[in-house]
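Handing you a structure now.
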Amino acid sequence: MSQPTLPDSWPTPEDATFVRQRETVVDDTPPPPAPPPPDRRIGAGMLLAFGALVLVAAGIVIAWLLTHQRDNTKAATTVVVTTAPSTTVAPKVAVPRFVGMKEQDALVRAGQVGLQPKEVFKPTKAPKGTVISQRPPGGSELARGATVTLVVDSTATTPTLTTSSTTPTTTQSATTTPTTTAAAPPQPQTATVPDVAAQKEAGAVTAFGNAGILASIVFVPGSDPLGTVVQQAKPSGTTLPYHSHVQINISRGPNDNALVPVPNVVGKTLPEAVSGLNASQLRLLYVKYPVTSRAQAGKVVQQSPLSGAQAPRNAQIVVYLGAFK
């Protein structure tokens, strides 16, 4: 069989027999399946963890609120406790039995227990200068610094002259003549209140003491310098029983100086009293006071103001120093 003859050249586009073909490669292999979308749902474990965190946070908040509320309660309680002392009353002291005591001894005893004696003089048949009654009675209780009234006998006594003599004896050598010994002059029965207006405390107390009056010091607000007399309870010229107490109001100063508590110096010697008052930023002013016991000589038997009272810083506290006669 004979083979067909091939043309000498490639067909051209004009040749009717030319057919243009584009080779197309078709991949019939199916594509791989797409991966499933991510699961955005919250699992049960995550829910439990989230719930636990919420409970912990809630517990912390509740605990903080409870703690804060408890702290506020404690603070309020502290304020109440701090202010409580301002409402407390003065401590009570037992009132001694003064009836039958000598006036000076009764005044000393009253000062020792922290009471302010108020004397009322009345003539009776009891020995002169003896306490015949008191108010309130012994054994009762009063606040420290309160006043106890002492009724003291003030019967006037006629000065007496003690005389001792011997019977004259005549001998060849000597003759004995009667001798007369005079007793000490009696204590005055009355005293006249001097005028101490506008004086300094030291001068006023000294003037009262020289007149036979005992000064009771009370510090009051005032525009005058510290230690200046503002007022006296009894006007000058008033006649009172000897050694009566008369109140003198003393200025605390124009700056209203800070108050400090007055310590108790009754029963102390003068150096001890000075040291005790200086330790409290106070000064001492003393007046001699007659006592009948040697044990009281040289010791403070009264003070004014009394212990526990308030006095301005640098003020003078009057003390009565026992002098045995």
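Relative to the Cα centre, what is the charge dipole magnitude of region 219-305, using +1 at the beta carbon of each Lys and Arg, -1 at the beta carbon of each Asp and Glu, and rounding to the nearest 20 debye?
On the way: 7 positive and 3 negative charges, 67 e Å.
The dipole of region 219-305 has a size of about 320 debye.
Between region 227-259 and region 196-214, what is the C-alpha centre distance in whole Å?
9
Each residue of region 208-221 in turn: what ³J(HN,Hα) in whole Hz from Karplus with 6.51, -1.76, 1.60 and θ = phi - 60°, glycine and Pro shown as x?
With the stated coefficients, region 208-221 comes to 5, x, 5, 8, x, 10, 9, 7, 10, 8, 10, 8, 10, x Hz.
Follow-up. What net charge do the residues around residue 319 carry, taking every other residue with its C-beta under 12 Å from that of residue 319, with Lys and Arg at +1 and Asp and Glu at -1?
Numbers: positive: 268, 283, 288, 299; negative: 272.
Within the 12 Å Cβ shell, the charges total +3.
Then there's this: Cut-off under 17 Å on the C-alpha distance; same-chain residues fewer than 8 positions from residue 268 excluded. Which lysines are left, in chain and number order?
Filter leaves 288, 299.
In bins 5 Å wide, starting from 0, what share of all Cα pairs of region 184-260 does each bin hold, as a percent?
Taking all Cα pairs of region 184-260, the binned fractions are 3, 18, 27, 20, 14, 9, 5, 2, 1, 0 percent.
Where only protein heavy atoms count, and the probe is 1.4 Å, what is the accessible area per residue for region 197-240 in Å²? Could the numbers behind the result be given before it?
Numbers: 2000 Å² over 44 residues.
On a per-residue basis, 46 Å².
The values are calculated or read from the model by the stated rules, or taken from the named source; none is laboratory data. Keep in mind it's a predicted model, so treat the numbers as computed, not measured. Methodologically, a virtual Cβ is constructed for each residue, glycine included, from the backbone with ideal geometry; neighbour enumeration extends over all protein chains shown. For the accessible areas, the whole protein counts, side chains as well, though only heavy atoms, and no ligand, DNA or RNA atoms are used. Shrake-Rupley method; radii C 1.70, N 1.55, O 1.52, S 1.80 Å.
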